[in-house]
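Let me begin by handing over the structure; questions about it come next.
What follows draws every value from the coordinates through simple rules; no lab data is involved. Nothing here was measured: the structure is a model prediction, and the numbers come from that model. No Cβ is skipped: glycine too gets one built from the backbone with ideal geometry, and neighbour counts run over all protein chains shown.
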Amino acid sequence: MTTQQPNNGGPAYPVPGLQHDEDFYGMSLRDYFAAKVIGHLAVAEGRQECSIEDDVRLAFKYADAMLKARGQ
């Protein structure tokens, strides 16, 4: 059974003229979005105590939503 990988948005910092594909090992746009969100989750006031794992999952849910919105 295979699980479908979410759209990673391509490279966060593309380099013109450089081919980006599955072998590209740089930061994806999905990773970049999640990294931006996780910092806000860590310092947000009024949040119930959440585990780090819960915060990471939530950050990637936000990242996936941002990528989806970009595609509309």
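For the range 43-72, run through the GluC sites (Glu not before Pro) and keep only the ones in DSSP coil with at most 15 other Cβ atoms within 10 Å of their Cβ.
Numbers: sites: GLU45, GLU49, GLU53; in loops: GLU45, GLU49.
Taking the range 43-72 and a limit of 15 other Cβ atoms within 10 Å, the loop GluC sites (Glu not before Pro) found are GLU45, GLU49.
Would you mind checking which residues have amide H under 5 Å from SER28's amide H? H placed 1.01 Å from N; only 5 or more apart, or other chain.
For SER28, the qualifying residues are ALA12.
I'd like the per residue volume of the convex hull spanned by the Cα atoms of the range 29-71, given in cubic angstrom. Walk me through the numbers on the way to the answer.
Working: hull volume 2.7 nm³, N = 43.
In the range 29-71, the Cα hull volume divided by residue count equals 63 Å³.
Can you work out ³J(HN,Hα) from phi for every residue in the range 57-69, in order, using Karplus 6.51 cos²θ - 1.76 cosθ + 1.60 and θ = phi - 60°, giving whole Hz and x for Gly and Pro?
Here the 3J(HN,Hα) series is 4, 5, 4, 6, 5, 4, 4, 5, 5, 5, 5, 4, 5 Hz.
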